[in-house]
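Taken together, the values in this text are just the output of simple stated rules run on the coordinates, not laboratory data. On a predicted model such as this, the values are computed, not experimentally measured, just so you know. Cβ coordinates were reconstructed from backbone atoms using ideal geometry, including for glycine residues, and neighbour counts include every protein chain displayed.
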Amino acid sequence: MVRILSVEDFEKIKNEGVGYVLITDKPNSTRRLHRADCPHVDYNNFYQKVIVNKEDNGGYYWFKDRLHALNELNAEECLVCKR
């Protein structure tokens with residue numbers, strides 16, 4: 001698991017389209033797993049949550065392995081990009 005803390009890292013992950021991005025949301029107590037190329041892994045949402053709000057309401061994490069992400073943080077899979 002790697003925390004995504006910079007715009008550069010986010011853009012690299014999106015451009016490569018490899019692995020999975022877990023998005024946590026503290027107010028809703030959700031942990032949603034997306035493929036890196038999923039349209040729901042959005043720059044504007046990342047920027048607001050991580051850069052502007054400094055992860056106060058959640059964060060973004062990159063995983064190489066889908067099952068590892070699902071098991072480690074008890075995440076739910078995105079219904080749009082779920083395989």
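Does any residue in the range 1-15 that is in contact (Cβ under 8 Å) with a residue 40 or more places away in the chain and more than 9 Å from residue 60 (Cα to Cα) come within less than 8 Å, Cβ to Cβ, of a residue that is assigned to a helix (DSSP H, G or I) and among the acidic types (Asp, Glu) six or more places away or on a different chain, and which pairs are these?
1/72
Please specify each residue of the range 20-42 satisfying the condition of being within 18 Å of residue 2 (Cβ to Cβ) and over 9 Å from the mean Cα position of the chain (by Cα).
37, 38
Among 28, 71, 53, 44, which is without any contact (Cβ under 8 Å) to a residue 24 or more places away in the chain, under 18 Å from residue 17 (Cα atoms) and of a type in the set (S, T, N, Q)?
Within the list 28, 71, 53, 44, the selection yields 44.
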